[in-house]
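Data block below; observations after.
The values are calculated or read from the model by the stated rules, or taken from the named source; none is laboratory data. Computed from a predicted model, the values in this text were never measured in an experiment. Cβ coordinates were reconstructed from backbone atoms using ideal geometry, including for glycine residues, and neighbour counts include every protein chain displayed. Quick note on the areas: whole protein, heavy atoms, side chains included, nothing else; ligands and nucleic acids left out. Shrake-Rupley method; radii C 1.70, N 1.55, O 1.52, S 1.80 Å.
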Amino acid sequence: MPGPGAPFALLAAAVLLAVALVLSGPGRPPPTQLPPSLLQELEQRRRDLSRLAAASSVQEGAFSTPDPPGRAAAADALGCADLNGITGVGLVGSGITKLVLRASLPPGGEEVALKSVHWAGGDVSRCVQRYGHPAGCHQLATYKLLKEMALLQRLHHPGIIKLRGQCYDSSLDPEMKVTTILELGTPLEMIQLLQTSWEERFKICLDLVQLLYYLANSPLGSCALLDFQPRQFVLVDGILKVTDLDDVSTEELSCRRDDDCTLEFPTRSFFLKCTTDGKCEGINEKRNLFNAYRYFFTYLLPHTAPFALQPILKDILNATGDLRYGANETLIAFQKVLHLYKSGFYLQKKRFHLKEYIALKGFYSADTEDYKCWLSYSNLGCVLSVHNAEEAAAICSSHPQCRHFIITPRRTWTGRPLALFQSNLTDLISGGNMVAYVKRSAASKESLYPEA
Ligand SMILES: Nc1ncnc2c1ncn2[C@@H]1O[C@H](COP(=O)(O)OP(=O)(O)O)[C@@H](O)[C@H]1O
Ligand SMILES: [Mg+2]
């Protein structure tokens, strides 16, 4: 285990390395010293950034020039001074362009994520290998961070990571040393998600659809996430948020004819129309939707879904996989599923399992270990989300170990109660005002009123 100083040393090392690279390099070289193709790339990124600022000034009527790097997004934005004396610094993630650290801010210890250029990452290293020009390559990577920051200043949605502030070290080249301060999330783990309940997985998909609807109708126009992968997302308080925005396109692809508008994926191609104003119609929205389908919906939606919802989910999968639905239709379809799920429509009405249970008022359950079940909300035992006591009774009857259950006051994000299923009657304690439902067969064998 590294000591408490280790994470801070990591930050310091990253910062020192950045400083050393900037200082040891030729500084910001005059454009003539840059290899022509690197210069071209830099110009391209600079234009991209200016276009972004110009587009938002038209949309918002607020910006006439690109934001200076030090500009704060809001009055309460954090800055370099807030990073003095940070503690608990540790690595949370890294990609090919950026390095992300967690840190606690003084005095309250609020945790944030700090994003900066990953000097040893694939992007910078490949560029240095190709052009042999570290300073130019650092600048190129910094443009990506600046673009992401510019987008985060303008796009606001619960599905987009919140920019809390930025730190720009003016003692260095303005474009070389930038840190963005973001709300802290936890990187998305698909394997872990596959082991959670359908309700939780449906929530991730619904969060994503709401984000795609916003991106299709954003103040900057329809935006495509060009590098769309689960690792570009994090969870903050259970909400899915995109964090990597350096590869976002706010422009629809230009075209002269329909042939210019092929949207290609490894498994499928789509042939879109070229509009009279020379843009591939809806290409950004469609790209996002197909990526959502192939990276999220196919894995998260159908698996262990309530039986009665499966045909509707299959329709959604087919419609998004064939790009027959846009963001709007997809959102409507998801909202319909949510409504049906919350209303308990999926339950098989003809079963009456609850008759097999005796309801005992005024019991609660000891917090002890009991039998486990697949997709449980608790590591200690079997806790599942249910629509009502009837559904819980059906579940208990299908578990050979289950002898009683309690509908707890805990609620899932849809407002459904969590039920605790247990095998041991001695775990029931009298008190409180919850109801314990005990299997008649179990109650007849043992005392109905275990010791309190
Ligand atoms: N706000 C955040 N909170 C927690 N982890 C984050 C946050 N932002 C990014 N990460 C993690 O850091 C990784 C790298 O960040 P990202 O912006 O994707 O960099 P890159 O552009 O290099 O891919 C992400 O894959 C994610 O796991
Ligand atoms: Mg990334």
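Some observations on this one:
- Residues considered: Lys203, Lys241. Of these, the only one that is charged (D, E, K, R), open to solvent by 10 Å² or more (accessible area, probe 1.4 Å), under 10 Å from the mean Cα position of the chain (by Cα) and more than 27 Å from Cys280 (Cα to Cα) is Lys241.
- Members of the range 215-234 found to be more than 9 Å from ligand 1 (Cβ to nearest atom) and among the hydrophobic types (A, V, I, L, M, F, W, C), listed by number: Leu215, Ala216, Leu220, Cys223, Ala224, Leu225, Leu226, Phe228
Let's see how each residue does on (1) under 22 Å from Ser430 (Cα atoms); (2) at pLDDT below 95; (3) not basic (Lys, Arg):
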position: Tyr364; (1), (2), (3): yes, yes, yes
position: Asp370; (1), (2), (3): yes, yes, yes
position: Ala394; (1), (2), (3): no, yes, yes
position: His399; (1), (2), (3): no, no, yes
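- Yes/no for Leu163 being open to solvent by 10 Å² or more (accessible area, probe 1.4 Å), of a type in the set (A, V, I, L, M, F, W, C), more than 30 Å from Ser37 (Cα to Cα) and in the same structural domain as Ala81 (by TED's automatic domain parsing): yes
- Picking from residues in the range 79-102 that are among the hydroxyl-bearing types (Ser, Thr, Tyr) and within 6 Å of ligand 1 (Cβ to nearest atom), the one that is nearest to Val117 (Cα to Cα) is Thr97.
- Enumeration of residues in the range 423-449 that are open to solvent by 70 Å² or more (accessible area, probe 1.4 Å), over 41 Å from the mean Cα position of the chain (by Cα) and modelled with pLDDT of 85 or more: Arg440
- Being away from ligand 1 (no atom under 16 Å from the Cβ), modelled with pLDDT of 90 or more and open to solvent by less than 50 Å² (accessible area, probe 1.4 Å) is a description that applies to Gly109.
To keep it simple, each residue is scored yes or no on (1) touching a residue at least 60 places away in the same chain (Cβ under 8 Å); (2) closer than 21 Å to Val236 by Cα; (3) within 24 Å of the chain's Cα centre (by Cα).
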| residue | (1), (2), (3) |
| --- | --- |
| Gly79 | yes, no, no |
| Gly88 | yes, yes, yes |
| Val92 | yes, yes, yes |
| Thr97 | yes, no, yes |
| Glu110 | no, yes, yes |
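- Ala442 fulfils the conditions (1) in contact (Cβ under 8 Å) with a residue 40 or more places away in the chain; (2) in contact with a Leu (Cβ under 8 Å, 6 or more places away or on another chain) except for a single criterion, (1).
- Taking first residues from the range 330-341 that are in contact (Cβ under 8 Å) with a residue 40 or more places away in the chain and partners that are open to solvent by 20 Å² or more (accessible area, probe 1.4 Å) and in a helix (DSSP H, G or I), the Cβ contacts under 6 Å between residues at least 6 apart in sequence or on separate chains come to Leu331/Tyr213; Val337/Ile312.
- Note on the range 225-237: among residues that are open to solvent by 40 Å² or more (accessible area, probe 1.4 Å) and out of contact with any Leu (no Cβ under 9 Å at 6 or more places or on another chain), the one that is farthest from ligand 2 (Cβ to nearest atom) is Asp237.
- Options Lys177, Lys203; residue that is outside the structural domain of Leu338 (by TED's automatic domain parsing) and of a type in the set (Lys, Arg): Lys177
- Reported count of residues in the range 235-275, each being more than 16 Å from ligand 1 (Cβ to nearest atom) and in a strand (DSSP E or B), is 8.
- Test: residue in the range 181-199 that is within 15 Å of the chain's Cα centre (by Cα), polar (S, T, N, Q) and either outside the structural domain of Lys241 (by TED's automatic domain parsing) or open to solvent by 10 Å² or more (accessible area, probe 1.4 Å) (or both): yes
- A single entry from Leu240, Leu289, Leu263 fulfils the requirement of being outside the structural domain of Arg164 (by TED's automatic domain parsing), within 16 Å of ligand 2 (Cβ to nearest atom) and not basic (Lys, Arg): Leu240.
- Residue among Leu309, Leu272 that is open to solvent by less than 70 Å² (accessible area, probe 1.4 Å), under 21 Å from Ile204 (Cβ atoms) and not polar (S, T, N, Q): Leu309
- Elements of type strands (runs of 3 or more DSSP E) contained in the range 331-414, each with 1 or more residues being open to solvent by 40 Å² or more (accessible area, probe 1.4 Å): 357-365, 404-411
- With respect to (1) among the small types (Gly, Ala, Ser); (2) away from ligand 2 (no atom under 16 Å from the Cβ); (3) under 20 Å from the mean Cα position of the chain (by Cα), the lone exception for Gly221 is condition (3).
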